[in-house]
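One structure below.
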Amino acid sequence: MKPGYYCDDQRHLVCVPYSRPALHVMAWQLGIKRGWFHAGSYDHYDIPKLQVDRIRADARVTVVSSREILSIVKAAVNPTNATPSRKDSP
């Protein structure tokens, strides 16, 4: 997956390269408040409902499937168990 910002139809937002500091930088650059950050096994931001269209229209954001969002996070958290997305598969 190439570097950038990725969101799905469930309003989840992550970035590549994936890290907690990079997620916070992404949110700042996209104008999303830190309160929308969800920490846990799979850190991510939720896009506020009123900002979905604005975020998806941003040239830095690529809309992908929820499965691809999970793949990005899993690859960063545990690279040996990551499942590549169909686009990245041979």
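Remarks
- Efficiency of FRET from Cβ geometry, W28 and N78, R₀ 30 Å, rounded to 0.05: 0.65
- Taken about its Cα centre, the range 11-81 carries a charge dipole of roughly 120 debye when the Cβ of each Lys and Arg holds +1 and the Cβ of each Asp and Glu holds -1.
- Lys pairs, the chain - Cα-Cα below 17 angstrom, 8 or more residues apart or on other chains: 4
- Over the chain - Rg/Rh using Cα atoms and the Kirkwood inverse-distance radius: 0.94
- Sorted by Cβ neighbour density within 10 Å, fewest at the top, the residues W28, W36: W28, W36
- Using θ = phi - 60° and Karplus 6.51 cos²θ - 1.76 cosθ + 1.60, couplings along the range 66-78 (whole Hz; Gly, Pro as x): 4, 4, 5, 4, 4, 4, 4, 5, 4, 4, 7, 6, 8
- Estimated from the Cβ-Cβ distance and a Förster radius of 30 angstrom, the FRET efficiency linking D53 and R20 is about 0.65.
- Degrees between helix 20-30 axis and first principal axis of the chain (Cα, 0 to 90, nearest 10): 40
Values in this text are rule-based calculations from the coordinates and carry no lab data. This one's a predicted model, so the numbers in the text were calculated from it and none came from an experiment. Every residue, glycine among them, receives a Cβ derived from its backbone with ideal geometry; neighbour counts consider all protein chains shown.
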